[in-house]
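What follows is a set of notes on a single structure, which appears directly below.
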Amino acid sequence: MALASCFFPLPPPSRGACSRAHSAAAGTATSPPSSGTLEAILSSRIIACLRAQDADTAMEAACAALSGGISVLEIVMSTPGVLEVVLLFHHVVKELLNHYPSSVIGVGTVLNAEDARKAVNAGAGFLMSPGTIMEILVDHHNSNVLYIPGAMTPTEVLFAHNTGARIVKIYPVSILGGERYISAIKKPFPHIPMVASQGITTETIGRYIGCGASAVVLSDAIFEKEAMARRDFKEICRLARLATLQVGQSAKI
């Protein structure tokens, strides 16, 4: 399948990205191999979650999000041709990664170890699931690929952490109570990094971060359904830029 290439100009690398690249190069041998990916997520504060009706749209939308300042991108497994998209997109951004070391591409909604292996072979830098898949967690406990399992309850959060997860996705967060739930579940687990996922808008990013979320997953807030349907990639780029600006404003509060 022939996929369209990126046509958006990319922003210049930030000082933070340069310093993170220097820090990664100077890291100790005792650091887990996936530390760079985790650091990128914690620094970015946003994981842009992409679902698309076809591989070509997914490719164009991914490029638009990157050009809008997104540095961590998740392409969900339900996207048609997702592994082809990840593989080819990996080649497209290979040169970009030399200049934007914090850019990471992963695959989400990974439900079994076989799909996880396919995603890793395609070049995924991280894997994400709506729940905790033990076989994936064990396979990637000390690998170059970061696994982010999903959890809903305190028991699930603690189980995932105690079995090796370095960061946990709280899902579906808006149904559970939104930022108030993040605030409550962080109290007994201040040492566990958490990603808030589901139903988060650009306007609520700051509240989630203020309540203890290490990062948020943004789906429709960036890849807005109508914009995706009409292939309005300039709008997606604009929404991505708004989200990254909101993170910057939250950091100043």
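Residues of segment 112-162 that are within 21 Å of residue 213 (Cα to Cα) and of a type in the set (Ser, Thr, Tyr): 129, 132, 147, 153, 155. Among the residues of segment 101-110, at least one is under 17 Å from the mean Cα position of the chain (by Cα), farther than 25 Å from residue 245 by Cα, surrounded by fewer than 22 Cβ atoms within 10 Å (Cβ to Cβ) and modelled with pLDDT of 85 or more. Taken as a whole, segment 178-200 holds at least one residue that is more than 22 Å from residue 128 (Cα to Cα) and among the basic types (Lys, Arg).
For segment 176-196, residues that are within 23 Å of residue 246 (Cα to Cα) and either among the hydrophobic types (A, V, I, L, M, F, W, C) or part of a helix (DSSP H, G or I) (or both) total 9. Identify all residues within segment 148-158 that are in contact with a strand residue (DSSP E or B) (Cβ under 6 Å, 6 or more places away or on another chain) and touching a residue at least 24 places away in the same chain (Cβ under 8 Å); write none if there are none. Correct list: 148, 150, 157.
For segment 121-139, the candidate set comprises residues that are modelled with pLDDT under 95 and surrounded by 21 or more Cβ atoms within 10 Å (Cβ to Cβ); within that set, the residue that is farthest from residue 60 (Cα to Cα) is 125. Among the conditions (1) over 20 Å from the mean Cα position of the chain (by Cα); (2) at negative phi, residue 177 misses just one, which is (2). The listed residues are 212, 206, 164, 199, and the only one of them that is in a loop (DSSP other than H, G, I, E, B) and either more than 27 Å from residue 116 (Cα to Cα) or modelled with pLDDT under 95 (or both) turns out to be 212. If only residues of segment 112-139 that are assigned to a helix (DSSP H, G or I) and among the β-branched types (Val, Ile, Thr) are counted, the one that is farthest from residue 88 (Cα to Cα) is 138. When segment 159-192 is filtered for residues that are of a type outside the set (S, T, N, Q) and either surrounded by fewer than 16 Cβ atoms within 10 Å (Cβ to Cβ) or without any contact (Cβ under 8 Å) to a residue 24 or more places away in the chain (or both), the ones remaining, listed by number, are 164, 172, 175, 177, 180, 181, 184, 187, 188, 189, 190, 191.
Here residue 41 does not qualify as β-branched (Val, Ile, Thr), at pLDDT 90 or above and in contact with a helix residue (DSSP H, G or I) (Cβ under 9 Å, 6 or more places away or on another chain). Checked against the criterion of being assigned to a helix (DSSP H, G or I), at pLDDT 85 or above and of a type in the set (Gly, Ala, Ser), the candidates 48, 64, 52 yield just one match: 64.
The values are calculated or read from the model by the stated rules, or taken from the named source; none is laboratory data. Note that the structure is a prediction, hence the values are computed from the model and not measured. All Cβ positions, even for glycine, are placed from backbone atoms using ideal geometry, and neighbour counts span all protein chains on display.
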